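Visitor: This is the structure I have questions about; it appears just below.
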There are 2 protein chains.
Amino acid sequence: MKKESEELVGVKEIARRANVSIATVDRVLHDRPGVSLKTKEKIQQIIKELNYQPNIVARTLASRKKLKFAILIPASSEETSYWKAPLDGVLQAEQELRQYGISVEKYLFDQNNRKTFLKQSAALLHQKPDGILLAPMFVEESNLFMQQCREHSIPVVFINSDLPGQSGLAYVGPDLYQSGYLSAHLISYLVRPADSILMLHITRELEMDHHLLRKEDGFRAYWQEQGYTHELITMHIGQTDPETIRKHISRQLKNPSIRVLFVTNSRVAAVAKVLEELDRTDLLLIGYDFLEDSIVYLKKNVIDFLICQKPQEQAYLGMMALYDKLVLNQPVKSVHFMPIDIITRENYLFYNN
Amino acid sequence: MKKESEELVGVKEIARRANVSIATVDRVLHDRPGVSLKTKEKIQQIIKELNYQPNIVARTLASRKKLKFAILIPASSEETSYWKAPLDGVLQAEQELRQYGISVEKYLFDQNNRKTFLKQSAALLHQKPDGILLAPMFVEESNLFMQQCREHSIPVVFINSDLPGQSGLAYVGPDLYQSGYLSAHLISYLVRPADSILMLHITRELEMDHHLLRKEDGFRAYWQEQGYTHELITMHIGQTDPETIRKHISRQLKNPSIRVLFVTNSRVAAVAKVLEELDRTDLLLIGYDFLEDSIVYLKKNVIDFLICQKPQEQAYLGMMALYDKLVLNQPVKSVHFMPIDIITRENYLFYNN
DNA sequence: CTTATTTTCGGGTACGTACACGAAATTTTC
DNA sequence: GAAAATTTCGTGTACGTACCCGAAAATAAG
């Protein structure tokens, strides 16, 4: 608890006290060679005494070396435009960071194709960026990637989902468990005693996206805590084309007790389309993310609730965390959970994705 | 959607194109006199064409005029040390903002005394700060204060509670309604069919802190939605000394059906003390805020849940919102809700206030 | 038309740090 | 011992903007 109220001192004052030039002080500050051990120690002593804090503004202005950030996230696709929002957040951050001399390299991969992840991650590392924003969709591949980042001491910020057991610089995204838990809570209002619930993981990756499973965990935890006895049918649809989805769902709906469908990602729009075609809009449908397609069905009463987690802000804040760390040299919150927003046809107009 | 990818241009480039000196360009940029209408228009035209964005870093470094922020929040008191956390957040922000040449004037008032608010707010305005962080504890007085701020065009950020019907620059704090709603949800797990619930507003101000009432609204909304029929006893204790609190509570506890106590602010510690003295720690107690006193009772099992809303971060983020607006000239989120954290004796050790 | 006044403008320095370059001091070499 | 090599250090400029001060141009006053 030493007093922080010392007047702002600069290199000039340090140089004056040490009877050297500011260039020498600067060399010590950056641990550059060309300073005798004796004067180096003297200067370090004075720096400590004065609790010198470099002026970041001046440093940024004068600094020649420009930082380079890189992002590695899925591309927005036909299947889902979800990833457009995070990309927008990145662009917003890029806009603001440009005047600090920071450039942003964008590497997008196909979230249904691990190979593209590997390829893009290799290309990214080849650029030797100073900081990375990563959506770790594939656990194994991401772990390998993190390994390499650690070797190059490049800080990594996760968004959208965490990487279990990996310590990046920070995670900015939903509390997936809570998110599933909350969905369960919502659904508990809608469900009647004898109803069954169909939980749908729609993703092409065989080893299901780990974050979907964490949502399921949260969901089941709530259900168990409440002691509910409704039948809970989990289903993984590995093909994401409309026909396959339609086929699987219509088969399941032969079970007349199913009255609630819970889709664990943004593919809820595809399910809504199917329900509409099957003329089963009487079913209750809950899913994720604020996509245009989904909003259409929300308006039409096919989708009942959407749960959103500010994807754009996730990416924006993730980029800013890199800036805080690498430019301002500030400590960064290691976990930043986004709010869990509930969207209905009553409030979607006011929602800010 | 014009492309933003233009190279970064500075005043120098503008001056070159306009065949004038950078000083003249600067005068136009700051709307200072001494430029003929003709050249002024020419320069403005070029500025627009180039989509010139001033370099904030250089601007901050060169700027002579230092910004002054001011805060107007309750002082930490004997009654509750709650307000220590927001003050810490302010200090943290001050530390970071100092190198941008920003100073922070602190005005603290007694949250039990409207007069001190008036006095301090007058003193504050006399300083003519460039931005204000306000905890609007007293509705009427705060409205008056906001009026004056508007006249001087000083942006104001609210923390802790919003000011209904007033439009400040931003609000950073809890969603009070949701907070009460969540409390109700928590309590619904604890309560048994025949139990009564005692809701306690402990505050000296006659017109109860409006934010307590909003918590009550949220609470009652949940209760109603669920169709619960438990007796819900609301009580306002206007004296905050231990004896009065003890007297009121022990009187109420004559009612044997009361099994759950919900305290709508940090005075839950005082209630816990009473329950301990009365040897009624069997009662369930839920309250607000992560204060040392309360944690003691949480550990001792007298308090069952605490609900916290990151008071330190509220203030920190509020200050940074002023910085974003006034220095970076960036748009600011008008509402920033804090997470609603649930603290128990199992997880309090890991909580970051 | 000359002088005084006002308007318009440019040169130059400052902000605090980074770093190139060359000068001075020291050490090494023969 | 001097010359060469090396180490150590200071001077000066740059980053992009703000703003002082004085010069030049335009206008007004006599």
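Visitor: For the stretch B:13-24, which residues satisfy the criterion of being near DNA strand C (Cβ under 9 Å from one of its atoms) and part of a helix (DSSP H, G or I)? Walk me through how you get there before you give the answer.
Guide: If we filter the stretch B:13-24 for residues that are near DNA strand C (Cβ under 9 Å from one of its atoms), which is where we start, we get B:15, B:18-24.
Matches in the stretch B:13-24: B:A15, B:A18, B:I22, B:A23, B:T24.
Visitor: Hey, another quick one. Just name the residue that is nearest to A:S196 (Cα to Cα) out of those in the stretch A:217-261 that are of a type in the set (S, T, Y) and assigned to a loop (DSSP other than H, G, I, E, B). Can you show your working first?
Guide: Here is the first cut: in the stretch A:217-261, the residues of a type in the set (S, T, Y) are A:222, A:228-229, A:234, A:240, A:244, A:250, A:257.
So of that shortlist, the ones also assigned to a loop (DSSP other than H, G, I, E, B) come out as A:228-229, A:240, A:257.
Numbers: A:Y228: 11, A:T229: 9, A:T240: 24, A:S257: 5 Å.
Here the answer is A:S257.
Visitor: May I ask you to verify whether B:A85 is among the hydrophobic types (A, V, I, L, M, F, W, C), farther than 29 Å from B:K115 by Cα and either within 13 Å of DNA strand C (Cβ to nearest atom) or assigned by TED's automatic domain parsing to the domain that holds B:V327 (or both)?
Guide: Values: among the hydrophobic types (A, V, I, L, M, F, W, C): yes; farther than 29 Å from B:K115 by Cα: no; either within 13 Å of DNA strand C (Cβ to nearest atom) or assigned by TED's automatic domain parsing to the domain that holds B:V327 (or both): yes.
No.
Visitor: Would you confirm whether or not the stretch A:63-82 contains a residue that is in contact with an Asp or Glu (Cβ under 6 Å, 6 or more places away or on another chain) and within 16 Å of DNA strand D (Cβ to nearest atom)? Talk me through it step by step, then tell me what you get.
Guide: We begin by selecting, within the stretch A:63-82, every residue in contact with an Asp or Glu (Cβ under 6 Å, 6 or more places away or on another chain); these are A:67-68, A:70, A:82.
Subset that is within 16 Å of DNA strand D (Cβ to nearest atom): A:67.
Yes, the stretch A:63-82 has at least one match.
Visitor: Now for a different question. Mind listing just one residue for me: the one in the stretch A:25-46 that is β-branched (V, I, T) and in a helix (DSSP H, G or I) and, of those, nearest to DNA strand C (Cβ to nearest atom)?
Guide: Our first condition is that a residue be β-branched (V, I, T); within the stretch A:25-46, this holds for A:25, A:28, A:35, A:39, A:43, A:46.
Among the residues that remain, those that are also in a helix (DSSP H, G or I) are: A:25, A:28, A:39, A:43, A:46.
Details: A:V25: 8, A:V28: 10, A:T39: 11, A:I43: 13, A:I46: 13 Å.
Checking each candidate, the answer is A:V25.
Visitor: Do we find that A:E7 is open to solvent by 80 Å² or more (accessible area, probe 1.4 Å), within 24 Å of B:L61 (Cβ to Cβ) and either within 16 Å of DNA strand D (Cβ to nearest atom) or of a type in the set (D, E, K, R) (or both) in this structure? Break it down into steps so the answer makes sense when it comes.
Guide: Values: open to solvent by 80 Å² or more (accessible area, probe 1.4 Å): yes; within 24 Å of B:L61 (Cβ to Cβ): yes; either within 16 Å of DNA strand D (Cβ to nearest atom) or of a type in the set (D, E, K, R) (or both): yes.
Yes, satisfied.
Visitor: Among the candidates B:L108, B:L50, B:L72, B:L91, which residue alone is closer than 30 Å to B:I202 by Cα, open to solvent by less than 50 Å² (accessible area, probe 1.4 Å), more than 13 Å from DNA strand C (Cβ to nearest atom) and not hydroxyl-bearing (S, T, Y)?
Guide: On the way: B:L108 fails: open to solvent by less than 50 Å² (accessible area, probe 1.4 Å); B:L50 fails: closer than 30 Å to B:I202 by Cα; B:L91 fails: open to solvent by less than 50 Å² (accessible area, probe 1.4 Å).
Of B:L108, B:L50, B:L72, B:L91, the one residue that is closer than 30 Å to B:I202 by Cα, open to solvent by less than 50 Å² (accessible area, probe 1.4 Å), more than 13 Å from DNA strand C (Cβ to nearest atom) and not hydroxyl-bearing (S, T, Y) is B:L72.
Visitor: So which pairs qualify, if the first residue must be in the stretch A:290-315 and among the acidic types (D, E), the second must be assigned to a loop (DSSP other than H, G, I, E, B), the Cβ gap must be under 8 Å, and the two must be at least 6 apart or on different chains?
Guide: A:E292/A:S81; A:D293/A:S81; A:D304/A:T344; A:E313/A:M338
Okay, residues lined up against (1) more than 24 Å from A:L176 (Cβ to Cβ); (2) open to solvent by less than 60 Å² (accessible area, probe 1.4 Å):
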{"site": "A:A269", "(1), (2)": "no, yes"}
{"site": "A:E276", "(1), (2)": "yes, no"}
{"site": "A:G287", "(1), (2)": "no, yes"}
{"site": "A:F290", "(1), (2)": "no, yes"}
{"site": "A:K300", "(1), (2)": "yes, no"}
{"site": "A:D304", "(1), (2)": "no, yes"}
{"site": "A:S334", "(1), (2)": "no, no"}
{"site": "A:D341", "(1), (2)": "no, yes"}
{"site": "A:Y348", "(1), (2)": "no, yes"}
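Visitor: Restricting attention to the stretch B:190-211, does a residue exist that is crowded, with 20+ Cβ neighbours inside 10 Å and in a helix (DSSP H, G or I)?
Guide: Yes, some residue in the stretch B:190-211 is crowded, with 20+ Cβ neighbours inside 10 Å and in a helix (DSSP H, G or I).
Visitor: Quick check on my filter: what residues within the stretch B:155-184 are more than 13 Å from B:L213 (Cα to Cα) and open to solvent by 20 Å² or more (accessible area, probe 1.4 Å)?
Guide: B:P155, B:G165, B:Q166, B:S167, B:G168, B:L169, B:L182
Visitor: Provide a single number: the residues in the stretch B:233-258 that are buried (at least 17 other Cβ atoms within 10 Å of the Cβ) and either among the small types (G, A, S) or in contact with a helix residue (DSSP H, G or I) (Cβ under 8 Å, 6 or more places away or on another chain) (or both).
Guide: Going through the stretch B:233-258 one residue at a time, the tally reaches 6.
Visitor: If the Cβ limit is 7 Å and pairs must be 6+ apart or interchain, which residue in the stretch A:21-40 that is within 14 Å of another protein chain (Cβ to nearest Cβ) and at pLDDT 95 or above pairs with which residue that is in a loop (DSSP other than H, G, I, E, B) and more than 6 Å from DNA strand D (Cβ to nearest atom)?
Guide: none
Visitor: Just give me the residues in the stretch A:47-59 being within 14 Å of another protein chain (Cβ to nearest Cβ) and either within 30 Å of A:P129 (Cβ to Cβ) or not in a loop (DSSP other than H, G, I, E, B) (or both), in sequence order.
Guide: Of everything in the stretch A:47-59, those that are within 14 Å of another protein chain (Cβ to nearest Cβ) and either within 30 Å of A:P129 (Cβ to Cβ) or not in a loop (DSSP other than H, G, I, E, B) (or both) turn out to be A:Y52, A:Q53, A:P54, A:N55, A:I56, A:V57, A:A58, A:R59.
Visitor: Take B:A62 and tell me if it is within 11 Å of DNA strand C (Cβ to nearest atom), within 14 Å of another protein chain (Cβ to nearest Cβ) and not aromatic (F, W, Y). Quick ask: steps written out before the conclusion?
Guide: On the way: within 11 Å of DNA strand C (Cβ to nearest atom): yes; within 14 Å of another protein chain (Cβ to nearest Cβ): yes; not aromatic (F, W, Y): yes.
Considered against the rule, which asks whether it is within 11 Å of DNA strand C (Cβ to nearest atom), within 14 Å of another protein chain (Cβ to nearest Cβ) and not aromatic (F, W, Y), B:A62 comes out as yes.
Visitor: Can I ask one more? Quick one: would you say B:N113 is without any contact (Cβ under 8 Å) to a residue 24 or more places away in the chain, within 21 Å of B:S142 (Cβ to Cβ) and exposed (fewer than 15 other Cβ atoms within 10 Å of the Cβ)? Don't jump to the end; show me each part of the working.
Guide: Details: without any contact (Cβ under 8 Å) to a residue 24 or more places away in the chain: yes; within 21 Å of B:S142 (Cβ to Cβ): yes; exposed (fewer than 15 other Cβ atoms within 10 Å of the Cβ): yes.
The answer is yes for B:N113.
Rundown of residues vs (1) touching a helix residue (DSSP H, G or I) at 6+ places or on another chain (Cβ under 9 Å); (2) closer than 30 Å to B:L134 by Cα, yes/no style:
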residue	(1), (2)
B:L285	yes, no
B:E292	yes, yes
B:F305	yes, yes
B:C308	no, yes
B:E313	yes, yes
B:V327	yes, yes
B:I340	yes, yes
B:Y348	yes, yes
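The values are calculated or read from the model by the stated rules, or taken from the named source; none is laboratory data. Quick caveat: nothing in here was measured; it's all calculated off a predicted structure. Positions of Cβ are generated from backbone atoms using ideal geometry, with glycine treated the same way; all protein chains shown enter the neighbour counts. What goes into the accessible areas is simple: the full protein's heavy atoms, side chains included, and nothing from ligands, DNA or RNA. Shrake-Rupley method; radii C 1.70, N 1.55, O 1.52, S 1.80 Å.
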